[in-house]
Amino acid sequence: AQSVTQPDIHITVSEGASLELRCNYSYGATPYLFWYVQSPGQGLQLLLKYFSGDTLVQGIKGFEAEFKRSQSSFNLRKPSVHWSDAAEYFCAVGGSSNYQLIWGAGTKLIIKP
Amino acid sequence: DAGVIQSPRHEVTEMGQEVTLRCKPISGHNSLFWYRQTMMRGLELLIYFNNNVPIDDSGMPEDRFSAKMPNASFSTLKIQPSEPRDSAVYFCASSTGPNTEAFFGQGTRLTVV
């Protein structure tokens, strides 16, 4: 079955600390992987995506993610978070022949001052 | 470009009333998606249009829901009659293709009382 698991519903980190949000997927074909961010009351915005090539992907706002095929993971990282990073983060997977993305349940990031 | 524009941003209606949500995709985008977001079910794809043609409406919950895309710059999602369980945030997203970056509108928060 195709699925995306974001095991952490909430994560709290101190401002300036590093961040890693986990994403594991199950997908029967070569995956296309995405991370989106949703600020309160807003729509979703693409942070980064992986289709092929270098498994370490750089995105906007200082985020990066690493695709690890052997672990079926696509974890999102940031070396130093800012209060403005407080939001909900969604991981999604799709395929080249499939328009429908499979979405994770999201991880809410809380920043401690 | 102003991005994907949805209207209204908020809608409160009584059970049994007809509700129409509107979406203007980004000019030049040929794929359009309607999503529903709830706490319980997360993000659900309701319907996908490609070049104004509905490709997949299997996510539409029931016959009370209908969607149209009369031209490349406008789409509607209609609920008739509305029920309290339809309360959710409805997002419209557009892209240049099924597995390219999807740009989301700010959503319509629907409350059915």
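Quick check: from the Cα gyration tensor, does the range A:24-113 come out rounded (a/c under 1.5), prolate or oblate?
Numbers: a/c = 2.13, a/b = 1.56, b/c = 1.36.
Verdict is prolate for the range A:24-113.
Scan around residue B:56 for amide H atoms under 5 Å from its own, H built in the peptide plane at 1.01 Å from N, and keep only partners 5 or more places away or cross-chain.
Amide H neighbours of residue B:56: B:48.
Which value results for Rg/Rh of chain B when Rg is the Cα radius of gyration and Rh the Kirkwood radius based on the inverse mean 1/r?
Working: Rg = 13.1 Å, Rh = 13.9 Å.
Taking Rh as the inverse mean 1/r over Cα pairs, Rg/Rh reads 0.94.
Once each part is reduced to its C-alpha centroid, what is the distance from the range B:1-44 to the range B:87-113 in angstrom?
That distance is 5 Å.
For the charge dipole of chain B, defined by +1 on Lys and Arg C-beta atoms and -1 on Asp and Glu C-beta atoms about the Cα centroid, which residue among B:47, B:16, B:108 has the Cα displaced farthest towards the positive pole?
B:108
Shape verdict for the range B:41-82, please, from the Cα gyration tensor: rounded (a/c under 1.5), prolate (a/b greater than b/c) or oblate. Walk me through the numbers on the way to the answer.
Working: a/c = 2.06, a/b = 1.37, b/c = 1.50.
Taking the square roots of the gyration eigenvalues as a ≥ b ≥ c, the range B:41-82 is oblate.
In whole angstrom, note down how far apart the Cα centers of the range A:66-113 and the range A:10-44 are.
2 Å
So how long is each side of the range A:1-47 along the principal axes, counting just the alpha-carbon atoms, biggest first, in Å?
For the range A:1-47, the Cα extents along the three principal axes come out at 38, 22, 16 Å.
Please order A:3, A:70 by the number of other Cβ within 10 Å, starting at the fewest.
Numbers: A:3 12, A:70 5.
Listed from fewest to most nearby Cβ atoms, that is A:70, A:3.
What does the convex hull of the Cα atoms of the range A:68-113 come to per residue, in Å³, rounded to a whole number? Each step should come with its number before you reach the end.
Numbers: hull volume 5.0 nm³, N = 46.
In the range A:68-113, the Cα convex hull volume per residue is 109 Å³.
Measure of size requested: the Rg and Dmax of the protein assembly as shown, with Cα atoms as the atom set and Å as the unit; please supply both.
Values for the protein assembly as shown (Cα only, Rg and Dmax): 17.7, 52 Å.
In the neighborhood of residue A:105, defined by Cβ-to-Cβ distances under 13 Å, what is the net charge if each Lys or Arg adds +1 and each Asp or Glu adds -1?
On the way: positive: A:22, A:108, B:41; negative: A:8, A:88, B:44.
With Lys, Arg at +1 and Asp, Glu at -1, the neighbours total 0.
Every read-out reported here was derived from the displayed coordinates using simple, explicitly stated rules and does not represent laboratory data. Fair warning: this is a prediction, and the values are worked out from it, not measured in the lab. In this analysis, Cβ positions are derived from the backbone assuming ideal geometry, glycine residues included, and neighbour counts consider all displayed protein chains.
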